[in-house]
Amino acid sequence: PRKVIIDCDTGVDDAMALSLALRSPELEVVGITCVAGNVELEHVIRNTLTVVELSGKRVPVYAGAYRPLMGAWETAASVHGRKGFGDLEYPEPKIRVEAEHAVDFLVRAFLESQNDLDLITIGPLTNVALALAKDARLASKIRSITMMAGGINAGNSTPAAEFNIYADPEAADLVFRSGIPLTMIALDPIMECGGIYVADVEDMEAAGTPWCTLVSRLLRRNLERMKIIYSDNLRTNPPDLLAVGVYIDPSIADCEMFHVTVECRGEHTRGMTLLDRRMWARAMGLSAKPNVNVVKTVDNLRYRALVVDTLTAH
Ligand code: BDR
Ligand code: CA
């Protein structure tokens, strides 16, 4: 299995993504780091511990940054519920968060690694930026980062900016400039090809394991909310789940390298991810070197099969 650390702000779709990663035989999740984002850090930690407990796996969970680098941010409690878990209630988890800080863990784990450890980020990039700022050796030790981050043509928090970037643009900027091999799963392929359908939820419900029950309950809640957007409610597109799906099986994704910058200042565009799509400039050597592997489309049938098969296998 490939070794990976997951940085998250659990979060309804983070819970699905973590469950998929924890149950995947392809991955060895060596640690999970929590960051403030969708909800406040204390809720993120508790939700993450609950997901790990229900997965039946033992993976250490670390508490990280309680606010973005510049301080101000708005949670997405309107999307994820006040405590970040939809409106689901679970008892207090029995497992505990580690004493070591998430940023220290990231630095230690990657420096100790044999260049065989990847990172998946499904929240704001605050922890990763702090770790990069803390130790100059880190950037060359992170084999790759797969991120649910940004938009190609549009945002969600604002018309221009996607939540994970908008919550901490300065942190994202640092990561995008780091030189680490980056794969970006933006909102566009998620909305266009990242659908999970009612039939998939029914398969998980039939499996009835604690992790399938958790994921299917969260998906049912999303499907209900999707009635606002679609006339039917046959599908939902959880962003973070697709990021983990693409990490598990990159062959489901069609990608292209682009130079991507993070807008930190714009009056209407703060937090925007700006792709340089000027083919003529690239051909003439006038554009900056591409730094991000951008996922353009995904094979939805294979993605759905990956999610359902992984979660329903015992
Ligand atoms: C991202 O922001 C959060 O709402 C989700 O968990 C996902 O990581 C989508 O913009
Ligand atoms: Ca998230």
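The values are calculated or read from the model by the stated rules, or taken from the named source; none is laboratory data. Note that the structure is a prediction, hence the values are computed from the model and not measured. Here the Cβ is made from the backbone with ideal geometry for all residues, glycine too, and neighbour counts use every protein chain on show.
Looking only at residues in the stretch 3-27 that are more than 11 Å from ligand 1 (Cβ to nearest atom) and either at pLDDT below 95 or not in a helix (DSSP H, G or I) (or both), which one is surrounded by the most Cβ atoms within 10 Å (Cβ to Cβ)?
Ile6
For the stretch 140-180, enumerate the residues that are touching a Pro at 6+ places or on another chain (Cβ under 6 Å) and either acidic (Asp, Glu) or away from ligand 2 (no atom under 16 Å from the Cβ) (or both).
Once the filter is applied, which keeps residues that are touching a Pro at 6+ places or on another chain (Cβ under 6 Å) and either acidic (Asp, Glu) or away from ligand 2 (no atom under 16 Å from the Cβ) (or both), the stretch 140-180 yields Ser144, Asp168.
Going by the conditions given, is Val44 within 16 Å of ligand 1 (Cβ to nearest atom), within 13 Å of Ala167 (Cβ to Cβ), under 16 Å from the mean Cα position of the chain (by Cα) and part of a helix (DSSP H, G or I)?
For Val44, the condition - within 16 Å of ligand 1 (Cβ to nearest atom), within 13 Å of Ala167 (Cβ to Cβ), under 16 Å from the mean Cα position of the chain (by Cα) and part of a helix (DSSP H, G or I) - is met.
Taking the stretch 47-82, which residues are in a loop (DSSP other than H, G, I, E, B), more than 15 Å from ligand 2 (Cβ to nearest atom) and within 28 Å of Cys264 (Cα to Cα)?
Those that are in a loop (DSSP other than H, G, I, E, B), more than 15 Å from ligand 2 (Cβ to nearest atom) and within 28 Å of Cys264 (Cα to Cα): Tyr66, Arg67, Leu69, Met70, Gly71, Ala72, Arg82.
Does Leu49 satisfy being surrounded by 18 or more Cβ atoms within 10 Å (Cβ to Cβ) and more than 16 Å from ligand 1 (Cβ to nearest atom)?
Considered against the rule, which asks whether it is surrounded by 18 or more Cβ atoms within 10 Å (Cβ to Cβ) and more than 16 Å from ligand 1 (Cβ to nearest atom), Leu49 comes out as yes.
Can you tell me how many residues in the stretch 28-38 are surrounded by fewer than 24 Cβ atoms within 10 Å (Cβ to Cβ) and within 10 Å of ligand 1 (Cβ to nearest atom)?
0
Any residue at all in the stretch 16-34 that is among the hydroxyl-bearing types (Ser, Thr, Tyr), away from ligand 2 (no atom under 11 Å from the Cβ) and within 24 Å of Ala131 (Cα to Cα)?
yes
When you go through Gly150, Gly179 one by one, which is the residue that is under 18 Å from Val128 (Cα atoms) and more than 19 Å from the chain's Cα centre (by Cα)? Reasoning before the result, please.
Numbers: Gly150 fails: more than 19 Å from the chain's Cα centre (by Cα).
None of the others qualify; the one that does is Gly179.
Can you give me the number of residues within the stretch 83-128 that are more than 16 Å from ligand 2 (Cβ to nearest atom) and in a helix (DSSP H, G or I)?
The total comes to 10.
When you go through Thr261, Thr310 one by one, which is the residue that is of a type outside the set (A, V, I, L, M, F, W, C), surrounded by 19 or more Cβ atoms within 10 Å (Cβ to Cβ) and more than 16 Å from the chain's Cα centre (by Cα)?
Step by step, each of Thr261, Thr310 is checked, and only Thr310 is of a type outside the set (A, V, I, L, M, F, W, C), surrounded by 19 or more Cβ atoms within 10 Å (Cβ to Cβ) and more than 16 Å from the chain's Cα centre (by Cα).
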